[in-house]
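Taken together, the values in this text are just the output of simple stated rules run on the coordinates, not laboratory data. Note that this is a predicted model, so its numbers are computed, not measured. All Cβ positions, glycine included, derive from the backbone under ideal geometry; neighbour counts span all protein chains shown.
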Amino acid sequence: MSNPSKQKGTAWERVAADYLAEAIPGYDRVGSVDFGAGDLTGPYPIPHECKAEKKITLSEYAKQIKGIKARTGAPLGAVIIKAPRKPVSEAYVMLTLAEWRAILPTIAADLPAITARLGTE
């Protein structure tokens, strides 16, 4: 792989997949193996697209994940965006407001356990 940008993106996909797999076994990098289905595969039918770019363009990411969701029939999708000069745990995750609104009741129902996993009070 000779393209430095492609190498950077592939490395970020691997780091993100490994980080998620520590908490939820089954995450892995698929990259372009299944073109149009997202960069990561996991135990849930939720496409994950990874971005490691100098310029963060949310509107482009939203358009891309919307297309992936349409192709795969997924109920929601996430874009995992590398935060410059930060560890993987501080990456940004982008969802639509409609997706966030749909998952909030589930999060609220399990907030004590989530808080414990995050190590916050």
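Computed quantities for the displayed model
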| item | result |
| --- | --- |
| Restricting segment 67-90 to residues that are charged (D, E, K, R) and free of Cβ contacts under 8 Å to residues at least 24 places away in the same chain, the residue that is surrounded by the fewest Cβ atoms within 10 Å (Cβ to Cβ) | 85 |
| Close pairs from segment 40-56: first under 18 Å from residue 3 (Cα atoms), partner among the basic types (Lys, Arg), Cβ under 6 Å, at least 6 apart | 52/8; 52/82 |
| Evaluation of residue 17 against (1) farther than 13 Å from residue 94 by Cβ; (2) in a strand (DSSP E or B); (3) not basic (Lys, Arg) (one fails), failing number | (2) |
